[in-house]
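The values are calculated or read from the model by the stated rules, or taken from the named source; none is laboratory data. What you see is a predicted model, and the numbers here were worked out from it, not measured in a lab. Ideal geometry is used to build each Cβ from the backbone, glycine not excepted, and the neighbour counts take in all protein chains shown.
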Amino acid sequence: MKRYMITSALILLILASLGTFYAYGAELRLPEYKLQTLEGDLAEASKLTLLGSYVGGKGSYPIEVSTSGSKRSEQTFSNQWMKNKGPLHDQTFSEFKALYKEHPGFMRGKMGTDGYYSDQDTLIFAKASYTHSKDTDQEGTIRWSIDSLDLATGKQVRYTDELTDSVQYTNVIDVQKAGSEIHVLTNVNRVNSGNELIDMVFNAETGLPIHSVQVPLGKPSRNDRELQIQIIAEKKPTAANSRVLFLVTESSKRTDNTVSASDTIPTIFSERLFEYQYASGDVKELPLVAGAEEENRPGSWTLHSLERATYTTMHLSEEAVTINRYDLSTGFAHPQVTIKASQLGKGTISQAQVADGRIYLLLQTGDYFKNNSMPIIAVADITDGRILYQGTPAPVKANGRPDDQLDDAQFLNMTIMQ
Amino acid sequence: MNRYLKLVHLEVHRFRYALFSLMFLTAAIQITGLVHTTQVRVKGWREAARLGEHSTRNFSFADVIGDLQFLFAIPILISIVVLGLYVFLIWYRDWIGRDKFAYRLFTLPTVRRNVYMAKATAIFVFVFAMVSFQLLMLLLERQLFNWMVPSEYRMSSLFAEAVASNLVFVRFLLPLDGIQFVVYYGIGILAVFVLFTAVLLERSYRLPGIVYAILYVAVCGAAIGGAVYLNLYNYFYPREITAIRFCIYLMVMGFTLTLGFRLVSKKITV
Amino acid sequence: MIELVRVSQKYTYKEVLKDVTFTAEKGQITCLLGLNGAGKSTILKTIMGLTPIHGGSIRIDGEEINQNTYERVSYIPDHLAIPASMKLSDALRFMEDFYSCWNKDRANELMRFFDLDLDERAGRLSKGTAAKFNLVLGLAQDSDYVIMDEPFAGIDLFNRERIAEVFSSELVGNRGVLLTTHEVKEVEYLIDKAVLLRDGVVARSFECEQVRSEESKSVVDVMKEVLLT
């Protein structure tokens, strides 16, 4: 066998070195972290995931940490090739995971969470797309397609409708069912004239288009002003809701040739909230956002959400979070809740989210680059603002990384699984 | 030992000096670069320490490898070019030269596909041997780095970090993901077979064979490339796309080997 | 028996061989004769499967060419097909490795007979020595047939005699030999059967003894008659 030494040696070298490398050496291990309780019940944080990066050593790697530990959150090659995930699988709404599992055929290729609707009888997905005409002078076509799955029989049908128009793009904002009608609320964006909202109504039985409603959004009161429309639709993508809200903000017109920084922040003149009822097509102004414009100082912002009949506004600044909730069906205003950063000891509020009766807060406790500080997360009860949990990510395992690199992680975002 | 393995050894043996030269070149360039860069770094740190400046962060082996992107890539690129040319030369060298070894090779009492497979295997041995040698070199270079840099300037790093800090390693040569390694080198193996079959088309049909060979490579290249860039995420689930790709590769592989074996045993002219 | 039946071969539309039919018997020496480019070497290559045929059939003892053919038929091409860097001892080792019909004792005997140096490299051999070593590689196989392409080409008189000696010796024995040559005069007394080729066609094939006794012609006479008219 001495004769075959070169070949045998090369093959042994290959097996030994590649084998060892891929078995032990190729894993780019990062320290492991875990959410650790500072105070309260750890179970309150079970739906929360902090997103950030590990920057110790060379390079930077996205990681996520929750109560169960940490992992690298980038999409690895193996993941891309071997996993059976749909494109919406990693969305914060866990309902999609179940939908992929139960209706893989229907869910195939249906992107965009806003196009979904489901109740006990049907699962619907609507899409609105715009195709430019080949001739640039001609109008293009807006095409709606609605796929509906009868959950009892498994029968799948597709309705379509088309409209010739000249627009920039279209997208579905909300899909609802009211009686035997399917409503597809569509945003149509036109060059130089802002957005239009069209409610396309289809017959759920026949699939035929019944009519379309152009939702009136009002007009700017003066020529040098413009309207910004923010649509507040049901927060859970597939859930039913009889209404959609839209917040109309009138502001000074942004000119294209703005130079100075002060010009880029438009002056806000008014902010009005409207409600559109799918079933009746009625638009009604709600007297709810008085005083919102004065809160819109730099460094603070307001988030709006609609969950069933509850409309929630969350005003956020570094120092405090204030939450107002209204029951739109009764007109009842829940007591206002305010949580101050000072209540939580240290840090400033960088993010907050409302979900399932809880307020989730992310506080940054210092400049990362100065002192490698870990953030604090807090969970509070939405009804009275009581703090139920406070915690912070902490390294639990070095995984071969030197001690001084263990805290080289920064967490700037959080997601709540719903 | 069976004749296929003997043929593999024969082919490896015939290329041994070229392979060792490539290894030597790789070692020489990389070690020279590493020693030089490390020396400059250590000198800089010493200077800073002498002036009482506080450096924010020590440096690791991975940092130095990261500094040597280009220099480390050079021997690798040379090796790729040499091995790439040898994919053709491993056949043509048997036709040219005084010995015209093809006469002997194709009258050996063994099925001809063994000759084909042995030449392919030899190429794979060379490629993987070079990759393995690079891994060994990295171990050696890390040891060298640890000797050269006083521990007060040195930051520890994982082996994988050093691999990840060179783009040529992490993107192509030694991806840290095992599946990625299998896929990349699987496609590479497929490409070698396609080129082999193209060479055999030329060797079987000469002038018109060149046209067939070019067309064949173009079709297979389009199929393999198409499978890589297959963008069907809007419709298929990831594992389905993987299955589709795998089927395409398998079809190209099956067709290429069938055609290659047929050419080498029935159509080739010495 | 090596049997060619209506073998034809084309090379880019040019017909190289047309309906070539002949046999080469075991225990006989058959010689393919013809002018340059008549297709002599091509025929040998087709028998060894080194170039495809486009019509007809080739059988060796009734079997089509397959991997075992190479154990039964040893081929001695017109050059030494051994890598130049290989030592003769390595080349013998190589042959022993691959051919189960390799006869080591016979190889040693032939090496001695031709007075060859085991430590010499194949690339450094003179033309005559290379031809001798080429014969060693072919004859040391315990094969039923030996095919030789121009075994005498470019070889001086002394060596030619030494090679010719082999044909009548135990080293060839009872094997069937099929060879091509230009030097028909030198081997005329050795050959049993001649196949005359002209432009890829068998112009005539005959038993030498028969022609000598019945027509009182030498092989060269027949050759001149057939090929030059």
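Table: residues versus (1) out of contact with any helix residue (DSSP H, G or I) (no Cβ under 8 Å at 6 or more places or on another chain); (2) assigned by TED's automatic domain parsing to the domain that holds A:Thr392; (3) modelled with pLDDT under 90.
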{"residue": "A:Leu10", "(1), (2), (3)": "no, no, no"}
{"residue": "A:Leu15", "(1), (2), (3)": "yes, no, no"}
{"residue": "A:Phe21", "(1), (2), (3)": "no, no, no"}
{"residue": "A:Gly40", "(1), (2), (3)": "yes, yes, no"}
{"residue": "A:Ala45", "(1), (2), (3)": "yes, yes, no"}
{"residue": "A:Thr67", "(1), (2), (3)": "no, yes, no"}
{"residue": "A:Lys71", "(1), (2), (3)": "yes, yes, no"}
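With respect to C:Ser89, determine if the residue is within 9 Å of chain B (Cβ to nearest Cβ) and of a type in the set (Ser, Thr, Tyr). Against the criterion (within 9 Å of chain B (Cβ to nearest Cβ) and of a type in the set (Ser, Thr, Tyr)), C:Ser89 does not qualify.
Can you give me the ranges of the strands (runs of 3 or more DSSP E) entirely in the range A:303-374 with at least 3 residues that are within 23 Å of A:Tyr54 (Cα to Cα)?
Filter on the range A:303-374 gives A:348-355, A:358-364.
Residues checked against (1) on the phi > 0 side of the Ramachandran plot; (2) under 15 Å from the mean Cα position of the chain (by Cα); (3) β-branched (Val, Ile, Thr):
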position: C:Leu17; (1), (2), (3): no, no, no
position: C:Val20; (1), (2), (3): no, no, yes
position: C:Glu25; (1), (2), (3): no, yes, no
position: C:Arg72; (1), (2), (3): no, yes, no
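Filter the range B:222-252 for residues that are of a type in the set (Ser, Thr, Tyr) and either within 12 Å of another protein chain (Cβ to nearest Cβ) or buried (at least 16 other Cβ atoms within 10 Å of the Cβ) (or both) and give the result. Residues satisfying the conditions are B:Tyr233, B:Tyr235, B:Tyr237, B:Thr242, B:Tyr249. Report whether or not B:Glu161 is in a helix (DSSP H, G or I), within 30 Å of B:Val40 (Cβ to Cβ), within 14 Å of another protein chain (Cβ to nearest Cβ) and acidic (Asp, Glu). Spelling it out, B:Glu161 is indeed in a helix (DSSP H, G or I), within 30 Å of B:Val40 (Cβ to Cβ), within 14 Å of another protein chain (Cβ to nearest Cβ) and acidic (Asp, Glu).
Filtering the range A:161-173 to residues that are surrounded by 13 or more Cβ atoms within 10 Å (Cβ to Cβ), more than 27 Å from the chain's Cα centre (by Cα) and not charged (D, E, K, R) leaves A:Leu163, A:Ser166. Report whether or not C:Leu33 is closer than 16 Å to C:Val202 by Cα, aliphatic (A, V, I, L, M), buried (at least 23 other Cβ atoms within 10 Å of the Cβ) and modelled with pLDDT of 95 or more. No. The requirement of being touching a helix residue (DSSP H, G or I) at 6+ places or on another chain (Cβ under 7 Å) and either more than 11 Å from every other protein chain (Cβ to nearest Cβ) or not in a helix (DSSP H, G or I) (or both) is not satisfied by B:Phe128. Among residues belonging to the range C:97-119 that are assigned to a helix (DSSP H, G or I) and within 13 Å of chain B (Cβ to nearest Cβ), point out the one that is nearest to A:Tyr4 (Cα to Cα). It comes out as C:Asp97. Scoring A:Ala239 on the criteria (1) within 23 Å of A:Gly112 (Cβ to Cβ); (2) touching a residue at least 24 places away in the same chain (Cβ under 8 Å); (3) not in a loop (DSSP other than H, G, I, E, B) leaves a single failure, condition (3). Consider the range C:179-205 and keep the residues that are hydrophobic (A, V, I, L, M, F, W, C) and out of contact with any helix residue (DSSP H, G or I) (no Cβ under 7 Å at 6 or more places or on another chain). The one that is surrounded by the fewest Cβ atoms within 10 Å (Cβ to Cβ) is C:Val201. Taken over the range C:93-129, the criterion of being modelled with pLDDT of 90 or more and of a type in the set (Lys, Arg) is satisfied by C:Arg93, C:Lys104, C:Arg106, C:Arg112, C:Arg121, C:Arg124.
Inspection of the range A:78-87 identifies no residue that is away from every other protein chain (no Cβ under 11 Å) and in contact (Cβ under 8 Å) with a residue 12 or more places away in the chain.
With a requirement of 2 or more residues that are at pLDDT below 95 and among the charged types (D, E, K, R), the helices (runs of 4 or more DSSP H) lying completely within the range B:1-103 that satisfy it span B:3-50, B:61-67. Just checking, does the range C:56-75 include any residue being touching a residue at least 60 places away in the same chain (Cβ under 8 Å), surrounded by 22 or more Cβ atoms within 10 Å (Cβ to Cβ), aliphatic (A, V, I, L, M) and touching an Asp or Glu at 6+ places or on another chain (Cβ under 8 Å)? Yes, the range C:56-75 contains at least one residue that is touching a residue at least 60 places away in the same chain (Cβ under 8 Å), surrounded by 22 or more Cβ atoms within 10 Å (Cβ to Cβ), aliphatic (A, V, I, L, M) and touching an Asp or Glu at 6+ places or on another chain (Cβ under 8 Å). If I filter the range B:253-270 down to residues being more than 11 Å from every other protein chain (Cβ to nearest Cβ) and aliphatic (A, V, I, L, M), which single residue comes out as nearest to B:Leu207 (Cα to Cα)? So, considering only residues that are more than 11 Å from every other protein chain (Cβ to nearest Cβ) and aliphatic (A, V, I, L, M), the one nearest to B:Leu207 (Cα to Cα) is B:Leu259. For the range A:212-222, the condition holds for at least one residue, the condition being that it is in a strand (DSSP E or B) and either under 19 Å from A:Phe125 (Cα atoms) or touching a helix residue (DSSP H, G or I) at 6+ places or on another chain (Cβ under 7 Å) (or both). Filtered by the rule that a residue be without any contact (Cβ under 8 Å) to a residue 12 or more places away in the chain and more than 12 Å from the chain's Cα centre (by Cα), the range B:121-138 gives a lone residue, B:Leu136. Restricting attention to the range B:111-125, the residues that are within 14 Å of chain C (Cβ to nearest Cβ), of a type in the set (Val, Ile, Thr) and crowded, with 19+ Cβ neighbours inside 10 Å total 1. Looking across B:Ile224, B:Ile248, B:Ile241, one residue alone is in a helix (DSSP H, G or I) and either over 25 Å from B:Leu200 (Cβ atoms) or not assigned by TED's automatic domain parsing to the domain that holds B:Glu202 (or both). It is B:Ile241. Please go through the range C:50-65 and pick out each residue that is more than 7 Å from chain B (Cβ to nearest Cβ) and not in a strand (DSSP E or B). Listed by number, the residues that qualify are C:Ile53, C:His54, C:Asp61, C:Gly62, C:Glu64, C:Ile65. Of the residues examined, A:Phe93 is one that is more than 9 Å from every other protein chain (Cβ to nearest Cβ), in contact with a helix residue (DSSP H, G or I) (Cβ under 9 Å, 6 or more places away or on another chain) and surrounded by 15 or more Cβ atoms within 10 Å (Cβ to Cβ).
Any residue that is outside any loop (DSSP other than H, G, I, E, B) and away from every other protein chain (no Cβ under 11 Å) - is there at least one of those in the range C:66-85? Among the residues of the range C:66-85, not one is outside any loop (DSSP other than H, G, I, E, B) and away from every other protein chain (no Cβ under 11 Å), which makes the answer no. Report yes if some residue within the range B:79-86 is under 30 Å from C:Thr42 (Cα atoms) and either polar (S, T, N, Q) or touching a residue at least 40 places away in the same chain (Cβ under 8 Å) (or both); otherwise report no. Within the range B:79-86, one or more residues are under 30 Å from C:Thr42 (Cα atoms) and either polar (S, T, N, Q) or touching a residue at least 40 places away in the same chain (Cβ under 8 Å) (or both).
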